[in-house]
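Participant: If you scroll down you'll find the structure; I have some questions about it.
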Amino acid sequence: MAKIPLNVNGSVYDVDADADVSLLSVLRDHLDLTGSKYGCGEGQCGACTVLIDGNPRRSCITQVGSVGNRRITTIEGLVQDGRLHPLQQAFLDEDAMQCAYCTSGMIMSSVALLKTHPNPSESEIAHFMEGNICRCGTYPRIVAAIQKAAKAMKEASQ
Amino acid sequence: MSNNPNWRLEPERYELNAPPAYYFEVDRREFFKFLGAGVLVFCVLKDGRGLQESGTRKRPQGESLPNEIGAWLHLGENGEVTVYTGKVEVGQNIRTSLSQAVAEELRVPVDKIHMVMGDTKLTPYDMGTFGSRTTPTMNLQLRKVAAAARDLLIGLAAAQWQVDRRRLVAANGKVTDTQSKRAVEYAALLKGQQFTQAIPAEDPLIPATQWAVEGQSLRKVDGLDFVTGKHRYPSDQKLPDMLHGKILRPPAFGATLVSLDTHDAEKMRDVAIVRDGNFVGVTAPTVEIASRAIAALHAEWKSEPQPSNKELFEYLKKNPAGGEDRAEYEIGSVEKATASADHRLQQTYNVSYIAHAPLEPRAALAQWSGDNLTVWTGTQRPFGVRSELAEAFRIPEDRVRVLMPDTGSAYGGKHTGETAIEAARLARAAKRPVKLVWTREEEFSWAYFRPAGVIDVRSGLRKDGTILAWEFHNYNSGAAGIRTFYDIPNQRIQFHETRSPLRQGSYRALAATANHFARESHMDELAHLVNIDPLEFRLKNLKNERLRGVFEAAAKKFGWGRKKTAAGQGFGMGGGFEKGGNVATCVEVAVDRSSREVKVVRVVTAFECGAIVNPDNLRNQIEGANVMGLGGALWEAIEFENGRILNGRFSDYRVPRFSDVPVLETVLLDRKDLPSAGAGECPMIGLAPAIGNAVFDAIGVRAVTLPIRIEPLPA
Ligand code: FES
Ligand code: FES
């Protein structure tokens with residue numbers, strides 16, 4: 001086992017873990033960042049989605065040793081200066097959740113989506129988010145929340 | 001159904017009658033200490049049914065809701081209200097809707113209310129959170145305790161001010177004198193004293209037409225914890241000094257362990273191996289080490305050949321479980337009526353096993369201190385799991401505490417305590433807390449499935465579309481929703497218990513999905529047989545006003561009867577009632593001409609469940625039920641062979657995803673004159689037959705099996 005430096009939500013941690021351990025395990029078990037969830041372990045459900053240098057990644061199939069010094073953002077790192085990210089606010093406003101176990105993965109994927117598609121259509125959203133499963137079936141509300149956040153972010157930047 | 005005091009457990013809740021997951025080897029003396037001295041005769045039956053009939057295992061009988069302590073409420077001197085209920089939150093949003101109920105009656109802001117749910121030490125006994133029972137039962141109970149608390153507070157103020165209590169009103173956490181206008185906070189009335197009050201028998205409730213808080217769309221009370229990732233689900237629980245556990249799974253269901261070589265695993269640092277009969281598990285400081293240790297175990301298992309999904313439906317017909325088939329319902333003479341009918345129709349429908357696949361797999365964290373056991377786990381039956389743990393470890397129930405943190409969904413699939421037992425067994429050996437989280441593959445294989453089933457329907461009708469005879473036999477899938485709501489003078493309806501090749505149990509809406517699929521598909525076939533529009537045909541044979549109401553409302557919104565505008569387009573409907581709710585669903589499909597893949601384009605659901613408690617949450621539940629129902633209707637089916645699940649992961653088992661979602665439109669019929677019923681289950685039952693009927697409308701092929709798969713046309 002070696003010490004692996006990890007840059008998570010703006011802080012650098014030294015983690016005692018084998019390089020082939022999943023980033024998800026390290027986040028949850030070593031750093032106690034349990035907002036990222038396990039749902040499948042094979043990159044199929046999106047519950048574990050985090051951003052690595054802004055790109056959405058499935059942390060369950062990302063080996064911790066492969067991350068290097070790139071910046072990791074988890075759901076716990078989205079709140080800025082005590083303010084919710086517009087997507088978090090929109091998920092609340094649209095009640096885009098039931099059990100909410102998929103929610104952090106959904107929000108992280110949507111953050112990435114809005115970076116590349118600031119004004120996504122319904123079908124663009126469906127296409128981009130296809131890898132995120134919500135077993136409770138709140139998809140229509142998630143689509144509405146993403147569009148609402150897109151609008152709010154556009155207005156804020158004007 | 002919801003008002004029927006004789007409401008009983010549906011037979012397809014198989015998991016509640018199943019034998020315990022493990023029989024641990026036990027020290028005889030220990031056993032006697034627990035049971036008292038005497039002769040101990042062991043009879044271990046393989047089949048849970050026998051166990052239940054011989055009465056060796058307690059099982060829940062009926063719905064025991066003790067009136068004295070259904071729920072507790074506490075108002076503290078700081079003005080905080082704490083409510084205790086044995087119900088649990090799995091995404092159906094009752095933490096919020098029950099808070100609303102209390103806020104309504106007690107007249108306090110919702111954010112002053114703290115709900116303690118599903119903690120067997122702190123909350124009153126509750127049989128479990130299932131069967132859409134929370135709204136009709138717990139909601140009422142909490143409203144009653146809250147109303148009683150409000151009355152008590154008004155009484156205190158009246159005594160303090162020496163005024164007639166009829167002058168006083170309670171609102172916003174205060175009692176106010178309508179004449180003098182003086183007001184006092186609830187908390188200030190308490191002055192360090194203790195009061196207790198029993199719930200009055202008469203009904204002091206606010207009628208639905210005057211609701212101020214209930215009937216409103218309120219955001220989730222704990223929504224902030226969810227969107228920030230703060231909420232700790234069962235799989236997120238942690239204790240200092242905790243170890244991680246893993247279980248060695250047999251290669252096939254029912255396999256027995258012949259030999260186990262632990263040599264390699266024992267050499268691993270910080271790894272401990274626990275073996276107890278067929279139970280083999282390990283503990284280690286991390287999940288990864290525990291997994292490696294499991295992989296290092298060399299086990300030899302013995303198992304019997306078992307049926308596969310290819311022969312499933314024949315198997316179910318050919319393997320009665322023994323015991324008598326109960327005639328669920330019989331009136332008139334089906335034989336005579338069939339003989340005199342102008343048309344006769346016979347059809348067989350099948351439904352496959354499907355998995356709940358809750359996004360959070362089973363998880364438990366167990367801790368022993370001395371002989372006392374505490375387990376945090378995701379279950380719909382914390383008290384049931386407490387009994388299972390007490391039984392597994394032969395300790396009295398009062399030594400066991402089960403806590404249920406709000407869980408990553410369940411859909412009827414988390415009624416049992418196997419994970420809790422496994423974690424507790426490992427923790428007992430390790431003498432440290434142990435957490436066990438099932439993998440997705442474990443969840444697919446070792447949880448229980450929605451029962452598969454075969455349904456035979458025979459009917460006879462007159463030329464004018466009047467149904468005369470109806471015979472309906474359900475093999476294995478269950479009896480929920482088995483009775484027809486159409487007015488037919490001659491009926492025979494039967495549920496046949498069958499040996500199941502897989503472990504099976506409750507699933508959202510139980511067999512109502514299968515029974516409605518068969519019934520509503522058959523209705524469509526009959527309508528076509530006599531050339532009557534399917535809506536008209538239904539209404540002709542249906543007197544129930546509530547059902548007619550939803551069928552008409554759905555048809556109106558859908559634009560039923562309009563012309564098709566494209567090849568491969570089809571319209572269909574289905575509906576019924578279950579758990580006090582009435583639903584009708586109209587569906588538009590597009591069937592691809594060559595691949596014959598079915599795409600559901602639009603779904604209109606009309607739903608009526610009495611007085612609506614929270615309209616937005618109701619819509620959310622209806623949309624969710626439709627989306628989830630799409631999976632069982634079109635893709636989901638467990639494949640298995642020789643005691644193994646062949647498609648137990650999300651890359652092999654297709655669940656609904658974003659691009660599958662059709663346009664969903666919901667019509668809510670609010671009946672303030674009727675008691676509120678739950679809505680977690682009923683809205684999904686009309687969908688599958690509506691899709692099947694729409695496929696027939698599109699391409700003339702009748703779907704008789706769920707999931708609906710239409711063979712592509714030969715090239
Ligand atoms: S847990 Fe990583 S994609 Fe499912
Ligand atoms: S809200 Fe339950 S999985 Fe999405």
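Here, each number is a calculation from the coordinates, and none is a lab measurement. Source: prediction; values computed, not measured. Neighbour counts are summed over all protein chains in view; Cβ atoms, including those assigned to glycine, are modelled from backbone coordinates with ideal geometry.
Participant: Ignore the peptide's own chain and count Cβ atoms of other chains within 10 Å of each Cβ in A:118-124; give me the average, rounded.
Facilitator: Mean shielding count: 1.
Participant: Right, something else. Among B:MET138, A:CYS45, B:PHE449, whose Cα sits farthest toward the positive end of the charge dipole of the protein assembly as shown (+1 at Cβ of Lys/Arg, -1 at Cβ of Asp/Glu, about the Cα centre)?
Facilitator: B:MET138
Participant: Nearest-5 percent of antiparallel DSSP beta bridges in the stretch A:1-137?
Facilitator: Here the antiparallel bridges make up roughly 90 percent for the stretch A:1-137.
Participant: With the convex hull built on the Cα atoms of chain A, state its orientation-averaged projected area in nm².
Facilitator: 9.0
Participant: Can you give the angle from 0 to 90° between the axis of helix A:139-157 and the longest principal axis of chain A, with both taken from C-alpha atoms, to the nearest 10?
Facilitator: 90
Participant: Give the dimensionless ratio obtained when the Cα radius of gyration of the protein assembly as shown is divided by 2.2 N^0.38 Å.
Facilitator: Ratio of Rg to 2.2 N^0.38 Å for the protein assembly as shown: 0.97.
Participant: Moving on to the next point. Please work out the C-alpha center-to-center distance from the stretch B:298-319 to the stretch B:339-375 and express it in whole Å.
Facilitator: 19
Participant: Take the Cα gyration tensor of the stretch A:86-156, multiply each eigenvalue by 5, square-root it, and list the three semi-axes largest first, rounded to whole angstrom.
Facilitator: 17, 13, 10
Participant: If packing is taken as the mean number of other Cβ atoms within 10 Å per residue, what is the order of B:661-669, A:85-93, highest first?
Facilitator: Order by mean packing, descending: A:85-93, B:661-669.
Participant: In peptide A:23-34, what is the residue-averaged number of other protein chain Cβ atoms found within 10 Å of each Cβ?
Facilitator: So the per-residue partner count for this stretch is 3.
Participant: Something else about it: Please list B:681-692, B:98-109, B:250-261, B:394-405 highest first by mean number of surrounding beta-carbon atoms within 10 Å per residue.
Facilitator: Averaged packing, sorted descending, gives the order B:681-692, B:98-109, B:394-405, B:250-261.
Participant: Report P(r) for the stretch B:444-546: all Cα-Cα distances, bin width 10 Å, range 0 to the bin holding the largest distance, values in whole percent.
Facilitator: Histogramming the stretch B:444-546 at 10 Å steps yields 15, 43, 27, 12, 3, 0 percent.
Participant: Looking at the stretch B:430-519 only, what percent of DSSP beta bridges run antiparallel? Nearest 5 please.
Facilitator: The antiparallel fraction comes to roughly 50 percent.
Participant: Order these peptides, B:478-489, B:238-249, B:446-457, B:597-608, by their mean beta-carbon neighbour count within 10 angstrom, highest first.
Facilitator: Most protected by this proxy first, the peptides run B:446-457, B:597-608, B:478-489, B:238-249.
Participant: Something else: Suppose every Lys and Arg Cβ carries +1 and every Asp and Glu Cβ carries -1, with no other charges. What dipole size does chain A come out with about its Cα centre, to the nearest 20 debye?
Facilitator: Here chain A has a charge dipole of around 260 debye.
Participant: Taking the Cα centre of the protein assembly as shown as origin and charging only Cβ (+1 Lys, Arg; -1 Asp, Glu), how large is the dipole, in debye to the nearest 20?
Facilitator: 660
Participant: In addition: Which value, in Å³ per residue, describes the convex hull spanned by the Cα atoms of the stretch B:271-343?
Facilitator: 262
Participant: Mind checking A:138-151 for the average number of partner chain beta-carbons within 10 Å of each residue's beta-carbon?
Facilitator: Per-residue shielding by partner chains comes out at 3.
Participant: Quick one: P(r) of the stretch B:578-628 from all Cα-Cα pairs, 10 Å bins, percents rounded to integers, in order of increasing distance.
Facilitator: Final binned percentages: 21, 45, 21, 11, 2.
Participant: With a 10 Å Cβ neighbour count serving as the proxy for reagent exposure, in which order, fewest first, do B:ASP126, A:ASP29 appear?
Facilitator: Ranked by crowding around the Cβ, least crowded first: A:ASP29, B:ASP126.
Participant: Now, a different point. How many angstrom lie between the C-alpha centres of the stretch A:1-59 and the stretch B:540-559?
Facilitator: Cα centroid to Cα centroid, the span is 52 Å.
Participant: Continuing with this model, one more query. Of all the Cα-Cα pairs you can form in the stretch A:2-77, what percent are over 16 Å apart?
Facilitator: 39
Participant: Further, regarding this structure: Using Cα centres only, tell me the gap between the stretch B:455-505 and the stretch B:632-695 in whole Å.
Facilitator: 21
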